[in-house]
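First up is the structure itself, then whatever we jot down about it.
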Amino acid sequence: MIYLDNASTSFLKPQGVYEAVDRTLRGGAGNPGRGANRVSMEAAKIIYSTRKSLADLFGVNQPEHVILKSSVTESINTVLLSLLKPGDHVISSVMEHNSVLRPLEKLRLDGVITYDLLPCSHDGSIDISRIRDLEKENTKAVILSHASNLTGTIQPIGEVRSKLRNKGIFIILDAAQSAGYIPVRLYEMDVDVIAFTGHKGLLGPQGTGGFVLNDRINEVLNPIFTGGTGSDSLSLVQPLYLPDKFEAGTHNLPGIAGLGAGVRFILERQPDMISKYIINISELLLSALSDMTSIHLIGLPGTQNRLPNFCLSFDYYTPSEAGFVLENQFSVITRTGYHCAPLAHKALGTEKTGALRISFGHFTTMDEVEELIVALKYLDEVKNGD
Ligand SMILES: Cc1ncc(COP(=O)(O)O)c(C=O)c1O
């Protein structure tokens, strides 16, 4: 199998991830913070170590500012539900995943907020300077994805604050796609929250993720989920210190152990090796695609400002047919359809059939890309039904 759906979830994982999950499940690591026994302490150490690695990755020096959740989706919901109050306005973009669009739309339908969306150009990039046209007196937050899950386009997030008239507006970043591939740093990018997922570029297991936040936004957020933390157990009120404030219930310990191993793998290599290698294999594919006449790349033509996600349309095949041929004749796994990004497809003109996305990962090999190119050449040359 040639697995090229890493933007959905990464596969393979580093050896250390498999070992960490296995060790945690078999080794009797207990429930962190629940008691002072040996296994509970061991679990707390594992969680701290992952939190610390994530803090290093996201450029925060207080590991307690890393909140561990089950996904970026749960993280975004937690932050938005806690932050937004009746009458607030939010700015986002048409390039967002449903994990941003649906919470915003639900809050709008519930009569809590209004929101406006930045448009994108044909290559999936957002013109950040247009943010001023959408900004209102009551704009409370801007929420944007760092990179598109569809086209791989990296957005100029570092420019958002300078373009806003009101510098106090909260900026929330969906780093689901970018984390693990390019630097994502809370203070350097001047954002208030980075929401991340563990199972894509960070190479952890599914069911892991979280968010990193600064003090300014922490002061205005209240817990959404409340419950056991193992701390202040006599109090009926959720502790308000981090990370307990946002972490009710037993953690996904095997997942968090695996995520820690994935993040350490990234930290040991970043930034150079991964990005240079991925640029090389991306160039190989982009150059082959530029010679194909019936397969069209939607998005940026080069490797600048992009992740290795490639969105394709075909003259002779629907995306589903092309995906079927790639899988059944060439064992190449891709993702077809709408990629949970309905407004991006609409903006890019692919809302009728969706598109086919190829996404490389840290372990995609040159040989695999060459085999992919052979398969794509076949689709380029052979009309459906011939
Ligand atoms: C940009 C973006 N945001 C959010 C998500 C949701 O990730 P998860 O399902 O892990 O919460 C994805 C995953 O597809 C994504 O690509």
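Which shape class applies to the chain: rounded if a/c is under 1.5, otherwise prolate when a/b exceeds b/c and oblate if not, where a ≥ b ≥ c are the square roots of the Cα gyration tensor eigenvalues? Can you show the working numbers first?
Working: a/c = 2.11, a/b = 1.32, b/c = 1.60.
Here the chain falls in the oblate category.
Loop-resident chymotrypsin sites (Phe, Trp or Tyr not before Pro) (DSSP state other than H, G, I, E or B) in segment 209-297 with no more than 12 further Cβ atoms inside 10 Å of their Cβ: Y241. When you restrict to C-alpha pairs under 8 Å that are six or more residues apart and normalise by the size of the chain, the relative contact order lands at 24 percent.
Annotation: the antiparallel percentage among DSSP beta bridges lying fully within the chain is about 50. Potential lengthening of the chain between S320 and R108 amounts to 73.0 nm, from the contour at 0.36 nm per residue minus the alpha-carbon distance.
Taking the Cβ-Cβ separation of K346 and M41 as r and a Förster radius of 45 Å, what is the calculated FRET efficiency to the nearest 0.05?
On the way: r = 52 Å, r/R0 = 1.15.
FRET efficiency, K346 to M41: 0.30.
Taking only DSSP H segments of four or more residues, each worth -39500 (n - 2.57), what value at 222 nm results for the chain once the sum is divided by all its residues, to the nearest 500 deg cm²/dmol?
On the way: 12 runs with 139 residues, N = 386.
My calculation for the chain gives -11000 deg cm²/dmol from helical runs alone.
Once you have a ≥ b ≥ c as the square roots of the Cα gyration tensor eigenvalues for segment 12-72, tell me rounded if a/c is under 1.5, and otherwise prolate or oblate according to whether a/b is larger than b/c.
Details: a/c = 2.16, a/b = 1.18, b/c = 1.84.
Oblate, because a/c is 1.5 or more while a/b does not exceed b/c.
Charge dipole (Cα centre; +1 on Lys/Arg Cβ, -1 on Asp/Glu Cβ; no other charges) of segment 15-268 amounts to roughly 320 debye.
Which longest uninterrupted range of the chain lacks any GluC sites (Glu not before Pro) assigned by DSSP to a loop state (not H, G, I, E or B) and surrounded by at most 15 other Cβ atoms within 10 Å?
The longest such stretch corresponds to 1-136.
The angle between the Cα long axis of helix 366-381 and the longest principal axis of the Cα atoms of the chain comes to about 50 degrees, rounded to the nearest 10. In this structure, I224 and N98 have a Cβ-Cβ separation that, at R0 = 22 Å, corresponds to a calculated FRET efficiency of about 0.70. Partners of K167 within straight-line reach, counting lysines whose Cα lies under 30 Å from its Cα and excluding those fewer than 8 residues away in the same chain: K52, K69, K85, K106, K136, K140, K245.
Sites listed here are trypsin sites (Lys or Arg not before Pro) in segment 336-386 whose DSSP assignment is loop and whose Cβ has at most 13 other Cβ atoms within 10 Å: K352, K383.
Kindly identify segment 65-173 as rounded, prolate or oblate by the Cα gyration tensor criterion: order the square roots of the eigenvalues as a ≥ b ≥ c, call it rounded if a/c is under 1.5, otherwise compare a/b with b/c, prolate if a/b is larger, else oblate.
Cα axes put segment 65-173 in the rounded bin.
Distance from the Cα centroid of segment 316-386 to that of segment 205-228 is 36 Å (rounded to whole angstrom). Here the simple spin-label model places points 7 Å from the Cα toward Cβ, and for L267 and K136 these points are separated by 4.3 nm.
Stretch S331-D127 to full length: gain in nm at 0.36 nm per residue minus the Cα-Cα span? Walk me through the numbers on the way to the answer.
Working: separation 204, 0.36 × 204 = 73.44 nm, distance 3.83 nm.
Going from the current span to full extension adds 69.6 nm.
With a cut-off of 13 Å between beta carbons, the residues surrounding Q304 carry a summed charge of -1, where Lys and Arg count +1 and Asp and Glu -1.
Compared with the dominant principal axis of the Cα atoms in the chain, helix 253-269 is inclined by about 60°.
Each residue, S231 and N384, gets one label point 7 Å from its Cα in the Cβ direction; the gap between the two is 5.5 nm.
None of the figures in this text is laboratory data; all of them are computed from the coordinates on show. Only a predicted model underlies this, so the values are computations on that prediction, with no experimental measurement involved. Cβ atoms come from the backbone with ideal geometry, glycine included; neighbour counts cover every protein chain shown.
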